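**Q** Let me give you the structure first, and then I'll get to my questions.
Nothing in this text is a laboratory measurement; each read-out follows from the coordinates by a stated rule. Small disclaimer: the values here were computed from a predicted structure and weren't measured. Don't worry about glycine lacking a Cβ; one is built from the backbone with ideal geometry, like all the others, and counts go over all protein chains shown.
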Amino acid sequence: MTRHFLRDDDISPEEQNEILDLALRLKADRYSAKPLAGPQTVAVIFDKSSTRTRVSFAVGISDLGGSPLIISTANSQLGGKETPSDTARVLERMVSAIVWRTYGQSGLEEMANGTAVPVINALSDDFHPCQLLADLLTIREHKGRLAGLTLTFIGDGACNMAQSYLLAGATAGMHVRIASPKGYAPTPAVVADAEKRAELTGGSITVLEDSRVAASDSDVVVTDTWVSMGKEEEKAARLDSLASYRVDTELMSHAKDDAVFMHCLPADRGFEVSAEVIDGPQSIIWDEAENRLHAQKALMVWLLEQA
Ligand code: CP
Ligand code: NVA
């Protein structure tokens, strides 16, 4: 049966581990898997801007022997002119997988529903599961394990990255903490789903407001932009509400001495993170960015094997 990857908990803890193991093997031997030889085409569709996702999918698809077809919805029929479902019916006749960066999660669900080729969420308003595979891979490389580690997200707890940390971190058996101001907490349904996962894996979920308490004794501290794509009109209010949630050296001093700092990028230095932290010795952001390539290649290989 065709499998899709629309949210982090679409894969089981065992499957997540399998994909991360495969990512490490592909990182060590970059051109060793060619499931897209032909070349077969993968459609990579963008409703929103991107640097890392666009490049890592294009390069990754080429590495796997395939041909990436990058589509901007600004000049395609998708995006108001044709439904995700009709678009999928056409694309599945010609491509081997569909990767889509969009706004609502419901569009992705419609795209995937009954579609014969894997559909991959390349970021929605709710989740960024491909980024999380890369982040978990990076943490595993730096810390040697995932289960049992404490990962703390500081900032906009309702954004796609925070919500993906909840689901993917719980799946990996991590203790995930989210610290955000009132009005910026993750969706209760996502917290509940993450708690269910954590019960299975021995992880835990904590949602709170105090960023210092949250950062205390953490192994990993993460943040993301305060103004996600689509939220530009709320910029002034967001900068005001989130001003005391900056990750700076003072906040990092509450985490473990060997804690690492992560950010999916793009970053606004001086807002969600100080330059001293993001460009300092605890930051592992460049490994994190590179790992998009290896993690997504592993995901595509794995999804194509399930079909
Ligand atoms: N982290 C991430 O998804 O970056 P892009 O928006 O550049 O793809
Ligand atoms: N939360 C950010 C992530 C960017 C990769 C956004 O959605 O804009």
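**Q** Taking a spot 7 Å from the Cα of LEU24 along the direction of its beta carbon, which residues of the stretch 278-306 have an amide N less than 13 Å from it?
**A** Of the residues in the stretch 278-306, none has backbone N under 13 Å from the label point off LEU24.
**Q** How far is helix 52-63 tilted, in degrees, relative to the longest principal axis of the Cα atoms in the chain, given as a value from 0 to 90 rounded to the nearest 10?
**A** The two axes meet at around 40 degrees.
**Q** Right, something else. To the nearest 10 degrees, how steeply does helix 129-143 sit against the main Cα axis of the chain, on a 0 to 90 scale?
**A** For 129-143 against the chain, the angle is about 50 degrees.
**Q** Net charge around SER85, counting only other residues with Cβ within less than 13 Å of its Cβ (Lys, Arg = +1; Asp, Glu = -1)? Write out the running numbers ahead of the final one.
**A** On the way: positive: ARG89; negative: GLU82, ASP86, GLU92, GLU109, GLU110.
Neighbour charge sum, excluding SER85 itself: -4.
**Q** Let me ask something else. Let a ≥ b ≥ c be the square roots of the eigenvalues of the Cα gyration tensor of the stretch 104-171; is it rounded (a/c under 1.5), or, if not, prolate (a/b larger than b/c) or oblate?
**A** On the way: a/c = 3.01, a/b = 1.68, b/c = 1.79.
Since a/c reaches 1.5 but b/c is at least a/b, the shape of the stretch 104-171 is classed as oblate.
**Q** With springs only between Cα atoms under 10 Å, which of LEU24, LEU137, LEU151 fluctuates most in a Gaussian network model of the chain?
**A** Maximum among the listed residues: LEU24.
**Q** Take the alpha carbon gyration tensor of the chain, find the square roots of its eigenvalues, order them as a ≥ b ≥ c, and report rounded if a/c is under 1.5; if not, report prolate when a/b exceeds b/c, else oblate.
**A** Values: a/c = 1.75, a/b = 1.44, b/c = 1.21.
It is prolate, given that a/c is not under 1.5 and a/b is the larger ratio.
**Q** Also, I was wondering about something else. Can you tell me how the stretch 156-298 classifies by the Cα gyration tensor, rounded, prolate or oblate, using a/c under 1.5 as the rounded cut? Could you put the intermediate results ahead of the total?
**A** Working: a/c = 1.28, a/b = 1.12, b/c = 1.14.
Rounded.
**Q** Out of ASP125, ASP156, ASP224, any idea which swings most in a Gaussian network model of the chain, alpha carbons joined below 10 Å?
**A** ASP125
**Q** Calculated from DSSP H runs of 4 or more alone, at -39500 (n - 2.57) each and per residue, what is the 222 nm mean residue ellipticity of the chain, nearest 500? Walk me through the numbers before you get to the answer.
**A** Working: 12 runs with 127 residues, N = 307.
Estimated from H runs of four or more residues: -12500 deg cm²/dmol.
**Q** Follow-up question, since we're still on this one. Return one number: the angle in degrees, 0 to 90 and rounded to the nearest 10, between the long axis of the Cα atoms of helix 160-171 and the longest principal axis of the Cα atoms of the chain.
**A** Value to nearest ten degrees: 90.
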